[in-house]
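Note sheet for the following structure.
Quick note: the coordinates plus some simple rules give every number you see, no bench work behind them. Predicted model only: the values in this text are computed from it and were never measured. Because the Cβ atoms are built from the backbone with ideal geometry, glycine has one as well, and the counts that use them run over all protein chains shown.
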Amino acid sequence: MPSQGRSTRKSATKLIGVVVGALHNRFMTLLLTHLHDALQEFDYQITLMIDPMNDSNNLLAFRPLIDGYLDGMIFATATLDSPVVAEMQRRGIPLVLVVRSVDDVKVDTVEVDNVHAGALAVEHLHQLGHRRIGLVMGSQNTSTSRDRVKGALQWLAGAGIPSTSVPLIYCDYTSEAGYSCAIAMLSEENRVTGIVAGNDTIALGVLEAAKRQNIAVPRQLSIIGFDDMPLAGSPLVALTSIRQPVEAMARTAARRLVERIRAGGMSAPVHDVLPIQLVRRDTTGPSG
């Protein structure tokens, strides 16, 4: 049953709330651009909400705006411990999660198979001869980090490398955090020869850390990121990365939300899992 606040809506506004993280993350800006374009094709406009992952409860303060003016919402920043998604669902707001999922909340979700993505990353390094592989992942309270770590550790265990021997550090999705975490990991006595980074932004920090410690990439250290943002393909970076189909994710999320709005929220939720692709460039190579 719709909440009292939701029931006061008079008519459709053709406005969609889009919740993204910090816009210094190029993947988020691309996602936002594609969501804007896709929703415009359905004659919807967007209202942008910036949601730092460590303060997502503040979204609850926007209940009057959400109840009174938005036809639906798309979340790209959902965390595993955030009550916001469940609260929006309880209030009868049509919504779609994109990029990340939330356990035990039955809503439309658009993402990639992050367990497979984590496995694919370490498999690539293992095939190049790397056996000392470290993980510098993003925030621990996200489904993306959890599932990528799960996939990586499961694959390595199957290859005879126990999870207890795999260095694992969680950090913010920034190059600064990636740098500091990589400095710590690369300072260990039995230094890793391959690092899987939580996203391309973190990977840039890992690259800088290797440079500062005079560690040659990829001869002495291979690095792989996630997202395949445009900078990853530039000649100066040439980062090996797991590509997420950002435009397809945005368009699928937009279409699912419009379908949900038109259906009145009565149909069962849909879980779209889009394909990933390993894009090999210059930051991964044979173990020396």
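Distance from the Cα centroid of region 227-288 to that of region 121-155 is 17 Å (rounded to whole angstrom). Extension gain for VAL279-GLN127 works out to 53.2 nm (0.36 nm per residue, less the C-alpha to C-alpha distance). DSSP finds beta bridges in region 114-243, and of those with both partners inside it, around 0 percent are antiparallel. The C-alpha atoms of the chain define a longest principal axis, and helix 246-263 lies at about 20 degrees to it. Of the peptides 132-141, 160-169, the ranking by mean beta-carbon count within 10 Å, highest at the top, reads 132-141, 160-169.
Counting 0.36 nm for each residue step from HIS271 to GLU176 and taking away their Cα separation leaves a gain of 30.8 nm. For the pair LYS150 and LYS211, label points projected 7 Å from Cα toward Cβ lie 3.6 nm apart. Computing Rg and the Kirkwood Rh from the Cα coordinates of the chain gives a ratio, Rg/Rh, of 1.02. With distances taken between every two different alpha-carbon atoms, region 114-243 has a Kirkwood hydrodynamic radius of 14.1 Å. How charged is the neighbourhood of LEU186? Take every other residue with its Cβ under 12 Å from the Cβ of LEU186, and add Lys/Arg as +1 and Asp/Glu as -1. That sum, taken over residues with Cβ under 12 Å, equals +1. Other residues with beta-carbon under 12 Å from the beta-carbon of ASP200 carry, at +1 per Lys or Arg and -1 per Asp or Glu, a net charge of +1.
Taking the helices alone, the chain has a mean residue ellipticity at 222 nm of -11500 deg cm²/dmol, built from -39,500 (n - 2.57) per DSSP H run of at least 4 residues and averaged over all its residues.
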